[in-house]
Amino acid sequence: MSIIKEFKEFAVKGDAVDMAVGIVIGASFSKIVTSLVGDVIMPPIGLILGGVDFKNLKIVLKAATDSAPAVTLNYGQFINTTIDFLIVAFCIFLVVKGINHLKKGTTK
């Protein structure tokens, strides 16, 4: 079987198309969650903690010089990214749980 014919069969299978749609929707959903965390969730938390902007939390390991930028450990951005991940992981968990529930209902 030629590689082109094999690829054509793969590309037109429902699973491949479903996977592609899932990837596109997932990428868009990730942007929404990133905005939710950075623009909606973290500002009030920062305000409650005394006006902290998590994006700017960092430890300077080496100060900037005329020829090189500062070397920093950006732990505030890491906190934002971790919260992003937890929200996305929880949403995926809920989707998988819902799908499994629907599958159980159709097998009875």
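The values are calculated or read from the model by the stated rules, or taken from the named source; none is laboratory data. Note that the coordinates shown come from a computational prediction; the quantities given were computed from them, not determined experimentally. Quick reminder, even Gly has a Cβ in these numbers, built from the backbone with ideal geometry, and neighbours come from all protein chains shown.
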## Note on the structure
When (1) surrounded by 10 or more Cβ atoms within 10 Å (Cβ to Cβ); (2) closer than 25 Å to Val96 by Cα are applied to Pro43, the one that fails is (2)
### Query
In the stretch 37-52, which residues are part of a helix (DSSP H, G or I) and either among the β-branched types (Val, Ile, Thr) or touching a helix residue (DSSP H, G or I) at 6+ places or on another chain (Cβ under 7 Å) (or both)?
Val37, Gly38, Val40, Ile41, Met42, Ile45, Gly46, Ile48
### Task
State which residue is farthest from the chain's Cα centre (by Cα) when the search covers only the stretch 1-26 and only residues that are modelled with pLDDT under 80 and part of a loop (DSSP other than H, G, I, E, B).
Met1
### Task
Search the stretch 66-89 for residues being loosely packed, with under 10 Cβ neighbours inside 10 Å and not aliphatic (A, V, I, L, M), and hand back the single one that is nearest to the chain's Cα centre (by Cα).
Pro69
### Query
Listed residues Lys55, Lys31; which is modelled with pLDDT of 85 or more, assigned to a helix (DSSP H, G or I) and under 17 Å from the mean Cα position of the chain (by Cα)?
Lys31
### Task
Select from the stretch 70-103 the residues that are modelled with pLDDT of 80 or more and charged (D, E, K, R) and list them in ascending order.
Asp84, Lys97
